[in-house]
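Some notes on the structure that comes next.
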Amino acid sequence: MTTRRQFCFRSAVSLLFFTPWAGAQRRLWRIGYHSAGSAQSNAGWLDAFRQGMAEVGWSEARHYVIDARYADGDASLVPRLAAELVASQPDLILTTADASILALVRVTKTIPIVFAIAADPVGNGYATSLQRPGRNATGLTLLGPDLAAKRIQLLKDAFPRISHLLVLFEPSDAAGVSQVKALESAAAELNVRLSVCEIRQVADIDVAFKKGGDLGADACLIVSGPMINIQRKAIAERALRSKIPSISSNVMHAEAGVLMTYSASVPANFHRAAVYVDKILKGAKPGDLAIEQPTKVDLVINARTAQAIGVAIPPSLRVRADRIIE
């Protein structure tokens, strides 16, 4: 017969072995965080990650701390911050997209890396395959290149006469470069001309829109990137002044005033990244954990912007929208 004392002892042992810190002497885990963007543009994403961690049993400050590094859109800082973070020897590194991922995998082959919004893990060389990454990095993608053609098609669905796109991207961002390649291939098939402009500094935004205007661009496609995300409001306002439809790959841009966005949910990916962190801190190897791709992509339309630039969104497109900003 099991006594009350034996039951309590067994319950205590069960709790010990099924808590996140089992076998780790209840120490505080340190999670490094690396982003080419700013603290402000990453805040909501990290909140989603913390919520995900709480749902799998981890409490910030009690079980883990986050040590963050932000390049604030300055591509020249990305490698240095990656080296500094790795030198501090965190237990694991959580990161964003390809610019940060590539900088990190160049300076560590041993510290586990979990990425949340990768563009092209295999194409950019930091994973052997999606099913079995094989190295020290794994996580989730945003289907960046795969959705590039769809964004052009959405513009054409909304405004069939569009024939010339101004494309803004950051050449220092590997994810952006991958998307531009996909855009160039898709544009040829859709009979759309591209004027691709590199955004290296804030002043390049006005230069790009002036060039687009001089060349007769009748719409704008914005490729999400660290500095572009920070400057999303300035870009949205510039597109508004140009009176041209715009589409982007980041929902924050629609909230800032871009006409449409079509992308997987970044917060959802960060929320899901907690599952990877949980598994790795409990002993799983990153190279054995398959890279996940989003199963849902959201179309967001800013109706206020449509009204401001004097265009009507076709009812057939409005009914497809997952969210309309009125």
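The values are calculated or read from the model by the stated rules, or taken from the named source; none is laboratory data. These numbers were taken from a predicted model, which means no experiment stands behind them. Note: ideal-geometry Cβ built from the backbone for every residue, glycine included; neighbour counts use all protein chains shown. SASA here: full protein model, heavy atoms, side chains in, ligands and nucleic acids out. Shrake-Rupley method; radii C 1.70, N 1.55, O 1.52, S 1.80 Å.
Quick grid of which residues meet (1) closer than 16 Å to Gly139 by Cα; (2) among the charged types (D, E, K, R); (3) in contact with a Pro (Cβ under 8 Å, 6 or more places away or on another chain); (4) loosely packed, with under 14 Cβ neighbours inside 10 Å:
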{"residue": "Val223", "(1), (2), (3), (4)": "no, no, no, no"}
{"residue": "Ser242", "(1), (2), (3), (4)": "no, no, no, no"}
{"residue": "Ser249", "(1), (2), (3), (4)": "no, no, no, no"}
{"residue": "Pro294", "(1), (2), (3), (4)": "yes, no, no, no"}
{"residue": "Val300", "(1), (2), (3), (4)": "no, no, no, no"}
{"residue": "Gln307", "(1), (2), (3), (4)": "no, no, no, yes"}
{"residue": "Gly310", "(1), (2), (3), (4)": "no, no, no, yes"}
{"residue": "Ile324", "(1), (2), (3), (4)": "no, no, no, no"}
Which condition number does Ala284 fail, the rest of (1) touching a strand residue (DSSP E or B) at 6+ places or on another chain (Cβ under 8 Å); (2) open to solvent by less than 40 Å² (accessible area, probe 1.4 Å); (3) farther than 21 Å from Leu46 by Cβ; (4) in a loop (DSSP other than H, G, I, E, B) being met?
-> (1)
Scan region 225-240 for residues that are open to solvent by less than 10 Å² (accessible area, probe 1.4 Å) and of a type in the set (A, V, I, L, M, F, W, C) and jot them down.
-> Ile228, Ile235, Ala236, Ala239
Of the residues Asp98, Asp146, which is under 28 Å from Gln201 (Cα atoms) and open to solvent by 50 Å² or more (accessible area, probe 1.4 Å)?
-> Asp146
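Residue-by-condition table, conditions (1) farther than 30 Å from Asp204 by Cβ; (2) surrounded by fewer than 19 Cβ atoms within 10 Å (Cβ to Cβ):
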residue	(1), (2)
Arg30	yes, yes
Ala36	no, no
Arg50	yes, yes
Tyr64	yes, no
Gly125	no, yes
If Gly216 satisfies every condition in (1) at pLDDT 95 or above; (2) under 21 Å from Val251 (Cα atoms); (3) open to solvent by less than 60 Å² (accessible area, probe 1.4 Å) but one, which is the exception?
-> (2)
Return the only residue of Arg26, Arg10, Arg106 being exposed (fewer than 14 other Cβ atoms within 10 Å of the Cβ), modelled with pLDDT of 95 or more and either polar (S, T, N, Q) or farther than 22 Å from Pro267 by Cβ (or both).
-> Arg106
Does Ser263 meet the test of being touching a residue at least 24 places away in the same chain (Cβ under 8 Å), part of a loop (DSSP other than H, G, I, E, B) and buried (at least 24 other Cβ atoms within 10 Å of the Cβ)?
-> no
List every residue pair whose Cβ atoms sit under 7 Å apart, with the two residues 6 or more apart in sequence or on different chains, where the first one lies in region 147-172 and is assigned to a loop (DSSP other than H, G, I, E, B) and the second, anywhere, is among the charged types (D, E, K, R).
-> Ile162/Lys156; Ile162/Asp218; Ser163/Arg193; Ser163/Asp218; Pro171/Glu198; Pro171/Arg200
Quick one: is Asp120 open to solvent by less than 10 Å² (accessible area, probe 1.4 Å), at pLDDT below 95 and more than 30 Å from Ser316 (Cβ to Cβ)?
-> no
